[in-house]
Each structure stands twice: as structure tokens, then as C-alpha cells.
Amino acid sequence: MNWKLDEAQEKLPEVIDALAELTGGIASEPQLIFNQDKLVAAIIEPKLFQDFLAWHQQQKASSLANAFAELRQICTEDNYILETPPRCSDRQTPR
């Protein structure tokens, strides 16, 4: 359901109750709050919010930088040294 900001402020208990109503065991839709036709807030069920937080944390944890950091840590723990071959001194740079 959509609410105007001033209406949602006045009737916050009703907004929360509208979210908490169960329909067939499934929580009702998020309660969207608008200020002059602009979405400013959404009240969602706690389980959905917890799922979002877990997903968001997983997205942050799976970056390429984190993968390289983990690889460096494994190499350090195993005393592994990556040999880098020397560069050719006669290599020409394309222009």
C-alpha cells in the first residue's frame, strides 16, 4: 500500500499493522511512503530485511580485491613465493 508522508506519520501504528497482517501465511506487501510523488521510505517485514542484509554482506565479501587478499594470505601461510620472470630488456614498446 502507498502512503503520503504526513498520513504515514499520523498513522504509523496503522502502517505497521498493515505490514503485519498475514494473508495465507505470507506477509502483506511493503508499505511505501511518498513525499510529493517521490518514494522516501519503505516499511518491510523484518525477515525480508534480514535476508537483504545477508545478501548485501555477501556481495561486499565477494570482490576481486578480497579474493586477492585471501590468495596472498594463503601464500604467506604456505611460505609460497611466486617467481616473477625477468622482463626482456630488448622488448620494444609499440607506439
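Taking the Cβ of each residue in 81, 16, 33, 43 as the centre, tally the other Cβ atoms inside 10 Å and list the residues starting with the fewest. Write out the running numbers ahead of the final one.
Details: 81 8, 16 12, 33 21, 43 18.
Lowest count first: 81, 16, 43, 33.
Hey, which lysines would be in cross-link range of residue 11, C-alpha to C-alpha under 21 Å, not counting anything within fewer than 8 residues on its own chain?
Counting by Cα, and skipping residues close in sequence, residue 11 has these lysines nearby: 38.
In what order do 40, 15 fall by count of nearby beta-carbon atoms within 10 Å, going from fewest to most? List each step's numbers first, then the result.
Details: 40 11, 15 20.
The order, fewest Cβ neighbours first, is 40, 15.
Report, by chain and number, residues whose modeled amide H sits under 5 Å from the one on residue 3, excluding near sequence neighbours (fewer than 5 apart, same chain).
For residue 3, the qualifying residues are 32, 33, 34.
List the lysines whose alpha-carbon lies under 17 Å from that of residue 47, not counting same-chain residues fewer than 8 positions away?
none
Taken together, the values in this text are just the output of simple stated rules run on the coordinates, not laboratory data. Here the structure is a predicted model, which means the values were calculated and not measured. Glycine also receives a Cβ, built like all others from the backbone with ideal geometry; neighbour counts cover every protein chain displayed.
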